[in-house]
Structure formats: C-alpha cells, structure tokens
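Visitor: Sharing a structure below in structure tokens format, with a few things to ask.
The values are calculated or read from the model by the stated rules, or taken from the named source; none is laboratory data. Treat the numbers as computed from the prediction; the structure is a model and nothing was measured. Glycine gets a Cβ as well: all are built from the backbone with ideal geometry, and neighbour counts include every protein chain shown. With ligands, DNA and RNA removed, areas are computed over all heavy atoms of the protein, side chains included. Shrake-Rupley method; radii C 1.70, N 1.55, O 1.52, S 1.80 Å.
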Amino acid sequence: MVVDVRTILIVAVKELMDHITSKRFLALLSILMALSIYSIIIGVDDYNISLNSYKDYISSISVNPAAMEIINGLRIQIQDAENNGASPEEIQYLKSQLEYYINPSMPSILMIFYDFNKYFIIIGPALAMSIGFDSISREREMGTFKALLSHPIYRDSVINGKALGAIILLAVVNAVTFLLIVAVMLIYGIVPSGGDIVAIVLLLINALLLFITFTGISIAVSALSKNSTMSILYLLGIAFLCFTIMEFSGPITDLISGPEPVEEAGNGIVESANNTGLLGGTTNEQIRYYENKRQIYEAINIISPIYNYNIISNAIISKEKPYVERPLNSNFTIFDALSLVWVNILVLFIEIFISFSLSYVSFIRMDIR
C-alpha cells in the first residue's frame with residue numbers, strides 16, 4: 001500500500017483548523033493555561049518556603065540540640081558498625097543518613113511541577129478527549145465521509161491525517177504550556193540549571209505521551225461508537241475507570257494480599273537500607289509479603305495511563321519510584337530513575353499503539369453507507 005503523504009497532510013491541516021476554531025477546544029485550552037499559571041505560582045511559593053526552611057536548618061545545625069544529638073548518634077553507630085564488622089551496605093546506609101543531616105540536599109526547583117501535575121491529570125486528558133471523541137462519529141453523522149471518499153482518496157489517509165493533526169495540535173499546546181511555565185519561573189527569579197532543563201523537557205515529553213494516549217483512545221472510541229453522544233459517554237466511563245482504579249487499588253491490594261505475616265522468634269530480623277518506609281526493620285517473610293503486595297498494587301494500577309504518567313513524572317522530579325529502593329549513590333541521575341519506571345513507560349507506548357491501531361482498523365472496516 002502506497003502512503004499518500006500529501007493527502008495525509010491535507011487532512012491533518014483541515015483537522016488543525018477545525019480544532020483551532022472550535023469554541024470547545026479554546027475553552028479547555030484557556031482553562032489549561034489558567035490552571036498552569038495558577039499551579040506554578042502555588043508551586044513557586046511552596047518552593048520558596050522549602051528553600052527558606054533549608055537555609056534556616058543549614059545555618060542553625062551547630063546550635064540545634066536535636067540535630068546535633070542525631071548527628072552524634074549516627075557517628076557513634078558508624079564507628080560501632082565498623083568495629084563490629086558490619087556489612088558495607090549497612091555502613092554506607094548509616095553514612096548516607098549522616099550526610100543527609102549534615103549536608104541535606106537543597107530543594108529542587110522541579111518540585112514546582114508537583115502542583116502542576118495535580119491539575120494536568122484532569123484537564124490534560126479532558127483536552128485530548130475533546131479533540132478525538134467526535135473526530136469520526138461526527139463526520140459519519142453528518143454524512144461527509146461519503147462525499148470525501150467519493151474522491152480519489154484512501155481511507156487510511158483520512159484516519160492517519162486525523163490522528164496526525166490531533167497529535168501536532170497537542171504537541172504545540174504542550175510546548176506552549178511548558179514555555180509559559182518556564183516564563184513564570186523566570187519572572188519569579190527562578191533560573192533552571194542545565195540539569196533542570198533536561199528534566200523539564202522529559203516532563204514535557206511525558207505530558208505529550210499522556211495527551212497522545214487519550215487522543216488515541218478517544219479516536220478509537222469515536223470510530224467504534226454509533227454517534228458522538230455515545231462516544232463521549234464511553235470516554236467519560238473510561239476516564240472514571242482510570243481514576244477509580246487508582247482510588248480503590250489500595251483496598252483491593254490489601255484484600256488480595258491478606259493479613260501481614262506476624263513476626264515470630266527465630267525468623268531473623270532484616271534491617272533494610274531503603275528509605276521508602278515499606279520494608280524497614282522486618283523479617284524475611286514480611287519482606288516477601290510487602291514485595292508481593294507492591295507488585296499486585298502495580299499490576300492493578302498499571303492499566304491506567306494517569307497512574308503511569310504520575311509514576312514517570314515522580315521519577316523525573318524526585319529521582320525515585322514509590323516503594324522501590326533507590327541505590328545509595330550520589331551520582332544517581334534522572335535517567336537512572338527512569339530505568340526504575342521502564343515498565344510504566346513501555347505500557348504507555350503499548351496503550352498508544354493499541355488505541356491507534358484499533359481506530360485504524362475500525363475506520364478501515366467502517367460501513368459509511
């Protein structure tokens with residue numbers, strides 16, 4: 001089959017113009033921009049509060065009795081561990097804790113994006129679905145496909161053009177949103193470093209993946225639905241399911257996992273050197289229980305694109321994945337953190353592939369009579 005690039009581009013441009021002049025799209029875009037500015041302003045205030053707390057702590061360590069007590073206690077523990085032949089991992093863990101209290105990490109400007117994500121996971125999918133929910137069903141209702149396909153044009157050029165137009169539009173919206181965020185940061189005197197810029201670009205790509213995922217889902221639903229009303233109802237159900245899964249995954253995981261194993265004498269206590277709060281100071285049986293529980297929790301949530309977006313964003317911002325031990329390495333980079341969430345990244349791409357493939361096949365086989 002020959003790909004008619006020219007026709008695809010013509011259809012894509014038509015889709016772009018239709019959406020740009022749509023009052024529905026412009027209204028949601030305005031909401032996205034307004035919430036982006038608001039969330040970043042709130043995020044900047046939170047960052048400044050954290051930064052001032054950090055400066056106060058650094059300047060008062062030597063005269064803070066509570067801090068000095070912890071620091072001196074850790075020094076004694078390190079010395080005892082070295083004298084008693086403790087494992088290198090345990091000694092390194094104690095040293096990292098000492099370093100945390102003596103020279104804690106400065107708050108990252110990326111924490112500003114935490115507030116942005118709270119709003120984006122709602123308005124982002126809504127904007128993407130508004131573009132795709134009637135892209136096929138509306139034209140089928142209006143009968144424009146009959147006139148369009150009466151010309152020498154392939155069906156695959158139509159569906160590919162519609163998908164391309166939606167993706168280009170969302171890519172532009174995404175880029176403008178992040179440029180607006182950076183502009184607000186600069187206005188407040190916050191200048192990103194080279195590493196921060198890399199992280200912001202990765203956050204932009206992650207947001208675009210979420211956009212594309214829900215666009216693909218909405219186009220697929222539009223192609224499968226009898227009319228636009230049914231399409232939007234199905235999409236609302238899908239969006240509700242995505243949030244419901246995340247809301248109830250905890251209780252469902254508890255139900256599947258059963259009660260926590262009771263600590264018994266002779267099991268052997270294992271002191272885990274992670275900072276997740278999931279496994280610290282427990283038995284081997286309890287470690288296996290919590291690891292199994294984490295895997296069940298992830299398996300339930302991973303079908304939700306919103307969950308995957310949140311996990312990936314958190315890895316970029318904080319360089320860690322919830323309930324997964326991060327190596328005690330000061331050179332741990334953003335890309336190392338992304339390696340912890342490769343499954344979530346892969347699932348997003350799979351969902352994009354499946355949704356666009358479904359929309360393609362459904363449109364090719366559609367009866368437009």
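Visitor: Consider Asp156 carefully, then state whether it is of a type in the set (Asp, Glu) and not in a helix (DSSP H, G or I).
Guide: No, not satisfied.
Visitor: While we're looking at this one, here's another question. With respect to Ile70, is the statement that it is in contact with a Phe, Trp or Tyr (Cβ under 7 Å, 6 or more places away or on another chain) and open to solvent by 40 Å² or more (accessible area, probe 1.4 Å) true?
Guide: yes
Visitor: Is it fair to say Arg75 is open to solvent by 50 Å² or more (accessible area, probe 1.4 Å), more than 30 Å from Phe133 (Cβ to Cβ) and out of contact with any strand residue (DSSP E or B) (no Cβ under 9 Å at 6 or more places or on another chain)?
Guide: In short, yes.
Visitor: In addition: Can you find a residue in region 108-125 that is open to solvent by 50 Å² or more (accessible area, probe 1.4 Å), among the small types (Gly, Ala, Ser) and farther than 30 Å from Ser157 by Cα?
Guide: No; the residues of region 108-125 include none that is open to solvent by 50 Å² or more (accessible area, probe 1.4 Å), among the small types (Gly, Ala, Ser) and farther than 30 Å from Ser157 by Cα.
Visitor: How many residues does region 297-311 contain that are in a helix (DSSP H, G or I) and open to solvent by 30 Å² or more (accessible area, probe 1.4 Å)?
Guide: Residues that pass the stated criteria total 4.
Visitor: Does Ile41 qualify as being modelled with pLDDT under 85 and either part of a helix (DSSP H, G or I) or farther than 22 Å from Leu180 by Cβ (or both)?
Guide: Taking the combined requirement at face value, the residue does not satisfy it.
Visitor: Test Ile256 against the stated conditions and say whether it is hydrophobic (A, V, I, L, M, F, W, C), out of contact with any Ser or Thr (no Cβ under 8 Å at 6 or more places or on another chain), modelled with pLDDT of 90 or more and open to solvent by 80 Å² or more (accessible area, probe 1.4 Å).
Guide: Considered against the rule, which asks whether it is hydrophobic (A, V, I, L, M, F, W, C), out of contact with any Ser or Thr (no Cβ under 8 Å at 6 or more places or on another chain), modelled with pLDDT of 90 or more and open to solvent by 80 Å² or more (accessible area, probe 1.4 Å), Ile256 comes out as no.
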